[in-house]
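The values are calculated or read from the model by the stated rules, or taken from the named source; none is laboratory data. Since the structure is predicted, the reported quantities are computational estimates derived from the model, not experimental observations. Cβ placement follows ideal geometry from the backbone for every residue including glycine, while neighbour counts extend to all protein chains displayed. These area figures cover heavy atoms from the full protein model, side chains too; ligands, DNA and RNA do not enter into them. Shrake-Rupley method; radii C 1.70, N 1.55, O 1.52, S 1.80 Å.
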Amino acid sequence: MVRCEDVDRLMTPFVDGEIADADRAAVEAHLERCTPCRMRSTMEAAARQVLRSGAASLREAATVQAPLDLKARCAAAARTGSREAARSGIRQRRGMMSWRLAAAAAVVLAVGGVVGLVLSRTSTTVMAAQLTVDHLKCSKLFPPNSPSDDVRVVEQRVGEQCGWPVRVAGSHPAIGLKLLGARRCLFGDGHVAHVMYLQGNEPVSLFVIPGRQSDPRALSVFGHRARVWSRDGRTYVLVGRQDEARLGQVAQYAQSMTH
Amino acid sequence: MQPQGRGPSGGVLARQAFEEEALALLDRLYGTALRLAGNRADAEDLVQDTYLKAFRFAERFEPGTNLKAWLFTILHNTHLNARRQVRRNPIEVDSAAVEQSAAAAPGRDDPEALVMRDVLDVDLKAALDALPEAFREAVWLRDVEEFSYAEIASMLEVPIGTVMSRISRGRRLLHDGLVERRAAGRTVNL
Ligand SMILES: [Zn+2]
Ligand SMILES: [Zn+2]
């Protein structure tokens with residue numbers, strides 16, 4: 001004979017349908033006879049039902065866009081391999097603050113005078129994550145109202161800023177691509193050329209990074225897609241929110257133009 | 001961080017897939033961190049700590065298991081540890097008291113209480129928010145995030161039996177809250 005206390009223990013797995021067959025039979029037999037336990041199981045099942053049918057919208061409401069600099073810091077956490085970070089950052093808040101500032105500075109701010117990249121320890125994903133943050137930041141800083149169709153001028157200016165030659169692919173109406181301009185952005189321990197486009201209304205960035213090799217990859221991070229490839233001692237990272245096919249068009253075009 | 005595994009072995013690509021998948025969950029973790037920490041600054045610290053630990057201990061993650069559960073576990077454990085440093089074991093004290101009061105609460109036998117269709121999302125969210133934290137978290141992890149009892153036990157650092165009883169009482173408290181909300185709404189409408 002199963003007692004109420006025994007049912008108590010089995011109630012949640014019973015309601016969830018995750019109970020052993022033998023136990024289920026015993027609980028069902030008890031519920032036949034015991035009104036309070038039956039009432040309780042009905043309440044619990046009803047609440048479960050409501051929760052499960054509302055789960056998608058509850059999850060959506062609870063998903064908050066994390067701040068960009070937090071995303072950049074988390075991506076940087078992977079990059080540093082966390083050794084120094086863990087030591088100096090995790091325990092005390094002071095340490096955390098300086099680590100956060102350092103990471104933010106390394107990722108976002110222009111320090112100036114830093115030449116040459118040490119990127120071998122940076123994984124492709126982390127690189128794409130950090131560049132996606134830069135893409136979001138720069139698309140806000142540079143409103144798409146002044147397209148530049150003079151590729152030579154853009155190449156010359158960004159080449160001077162970076163200190164190494166940068167090949168820039170110009171506008172390409174057939175795929176709805178408009179060149180906006182280029183600037184030097186900070187990445188890792190050095191800087192990269194950041195070439196900005198619009199495809200339709202959607203901002204697209206092509207980053208040109210010297211001195212790194214990466215196998216061709218398509219990946220997604222922070223709701224964006226990225227295409228990565230290397231050629232002639234440069235690595236290219238294309239970032240945008242387009243679907244795979246549209247971004248693929250840009251990738252194909254950029255590959256044909258920059259090599 | 002109980003899981004013991006081979007980690008994202010298999011080289012660079014596996015590591016990258018791991019990082020990619022982990023970073024893709026950042027908004028979800030941040031939402032949860034906001035709920036747990038209650039303010040943005042602490043939520044950001046919590047998320048950053050979580051990723052530092054996740055990447056640092058990546059080799060302990062068992063490939064093929066639930067990465068979301070693993071990250072949520074780190075997040076919750078980090079939150080619990082931070083709170084323990086502020087006050088000694090506040091969670092256990094709080095929830096023990098609450099569980100007693102819940103057990104003492106009289107059962108409801110209003111037949112109308114059992115009609116739970118047409119619950120509005122806003123009502124559901126408000127009723128959930130009104131639950132004591134220990135129950136809200138257990139119910140949320142089970143019915144909204146759909147984690148297993150064992151996963152929730154390691155997140156909240158309590159035995160599986162406690163997880164089940166918190167889910168059970170949390171659901172019934174939620175049920176009562178929804179019924180009261182509906183009754184209140186009806187009074188206003190009349
Ligand atoms: Zn009974
Ligand atoms: Zn930029």
Using θ = phi - 60° and Karplus 6.51 cos²θ - 1.76 cosθ + 1.60, couplings along segment A:21-30 (whole Hz; Gly, Pro as x): 4, 4, 5, 4, 4, 5, 5, 4, 5, 5
For A:Thr258, solvent-accessible area (1.4 Å; no DNA, RNA or ligand), Å²: 10
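If you count, for every residue in A:58-70, the Cβ atoms of partner chains within 10 Å of its Cβ, what is the mean?
Details: counts 8, 6, 2, 4, 11, 7, 11, 4, 12, 5, 0, 1, 10.
Per-residue shielding by partner chains comes out at 6.
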Average silhouette area of segment A:144-257, convex hull of alpha-carbon atoms, in square nanometres: 6.9
Area hidden from solvent between B and A (accessible, protein heavy atoms only, 1.4 Å, total, Å²): 5000
Residues of segment B:166-182 buried by at least 50 Å² on assembly (accessible area, 1.4 Å probe, chain alone as reference): B:Arg171, B:Arg172
Exposure of A:Ser230 as accessible area (Å², to 10), given a probe of 1.4 Å and all protein chains: 30
Distant-in-sequence amide H partners of A:Val204 (H built 1.01 Å from N, under 5 Å): A:Tyr197, A:Leu198, A:Gln199
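Over all residues in A:9-15, what is the mean tally of Cβ atoms on other chains that come within 10 Å of each residue's Cβ? Can you show the working numbers first?
Details: counts 4, 1, 7, 13, 5, 1, 3.
So the per-residue partner count for this stretch is 5.
In µm²/s, what is D for segment A:1-52 at 25 °C and 0.890 mPa s, where D = kT/(6 pi eta Rh) by Stokes-Einstein and Rh is the Kirkwood radius from Cα pairs? Could the numbers behind the result be given before it?
Values: Rh = 11.0 Å.
Answer from the Stokes-Einstein relation: 223 µm²/s.
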In sequence order, calculated HN-Hα J values of segment B:132-142 (Karplus, 6.51, -1.76, 1.60; Hz; x Gly/Pro): x, 3, 4, 6, 4, 5, 5, 5, 4, 5, 7
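What net charge is computed for the residues neighbouring A:Ser230, neighbours being all others with C-beta under 15 Å from the C-beta of A:Ser230, Lys and Arg scored +1, Asp and Glu -1? Mind showing how you got there, number by number?
Working: positive: A:Arg167, A:Arg212, A:Arg217, A:Arg227, A:Arg231, A:Arg234; negative: A:Asp215, A:Asp232.
Taking every Cβ under 15 Å from that of A:Ser230, the sum is +4.
If you take all C-alpha pairs in segment A:183-243, what percent of them are over 19 Å apart?
Values: 583 of 1830 pairs.
Summing the P(r) of segment A:183-243 above 19 Å gives 32 percent of all pairs.
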